[in-house]
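Novice: The structure under discussion is supplied below as structure tokens; questions concerning it will follow.
The values are calculated or read from the model by the stated rules, or taken from the named source; none is laboratory data. Model, not experiment: these values are computed from the prediction. FYI the Cβ positions are ideal-geometry reconstructions off the backbone, even for glycines, and counts take in every protein chain you see. These area figures cover heavy atoms from the full protein model, side chains too; ligands, DNA and RNA do not enter into them. Shrake-Rupley method; radii C 1.70, N 1.55, O 1.52, S 1.80 Å.
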Amino acid sequence: MNNKELTGELARRLGYTNKDAAQLVASMVAIMGEELQEGKTLTFQGFGTFEVKKKLERIVVNPATRQRLLVPPKLVLSYKPDNSLKEKFKKMQANE
């Protein structure tokens, strides 16, 4: 599902126009981005948790040249699904 399909489905389910649903999605994404940039954790009951984690610097080796390189620390976005969502996928997998 892409952004256009999401806004269309949201508009259909809530009875909004596509324009209103697109504004709603854009606002939600903007708010989520701002919160994550501030280092806050976002938790959606029944869906999961988004958080920014810091990966420490590390040394990697180029297998072709055997040259060692230092990879600097960086921030990465992490997602952990909610247990109820995990269970739904386990049930789907068991039914296949």
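Novice: If the reach is capped at under 29 angstrom between alpha carbons, list the lysines near Lys74, excluding any in the same chain fewer than eight residues apart.
Specialist: Lys40, Lys53, Lys54, Lys55, Lys86
Novice: DSSP loop (so not H, G, I, E, B), at most 16 other Cβ within 10 Å: list which chymotrypsin sites (Phe, Trp or Tyr not before Pro) in region 4-96 pass both filters.
Specialist: Here the chymotrypsin sites (Phe, Trp or Tyr not before Pro) that fit, given the DSSP loop and packing criteria, are Tyr16, Phe47.
Novice: Using the heavy atoms of the protein chains and a 1.4 angstrom probe, tell me the accessible area per residue for region 1-68 in square angstrom.
Specialist: On the way: 5710 Å² over 68 residues.
Value returned for region 1-68: 84 Å² of accessible area per residue.
Novice: Rolling a 1.4 angstrom probe over the protein chains, ignoring ligands and nucleic acids, what is the accessible area of Ile31 in square angstrom, nearest 10?
Specialist: Here the residue's solvent-accessible area equals roughly 100 Å².
Novice: What's the carbon and sulfur percent of the chain's accessible surface, probe 1.4 angstrom, rounded to a whole number?
Specialist: 55 percent
Novice: Let me know the charge dipole size of region 25-74 about its Cα centre in debye, to the nearest 20, where only the beta-carbon of Lys, Arg (+1) and Asp, Glu (-1) is charged.
Specialist: 500 debye
Novice: Within the chain, which trypsin sites (Lys or Arg not before Pro) sit in a loop by DSSP and count at most 13 neighbouring Cβ atoms inside 10 Å?
Specialist: Those that pass, being in a loop and sparsely packed, are Lys40, Arg66.
Novice: While we're here: Straight-line reach from Lys91: which aspartates and glutamates fall under 15 Å, measuring Cα to Cα and dropping same-chain residues less than 8 apart?
Specialist: Candidates past the 8-residue exclusion: Asp82.
Novice: Compute the relative contact order of the chain as a whole-number percentage, counting only Cα pairs closer than 8 Å that sit 6 or more residues apart in sequence.
Specialist: Computed value for the chain: 19 percent relative contact order.
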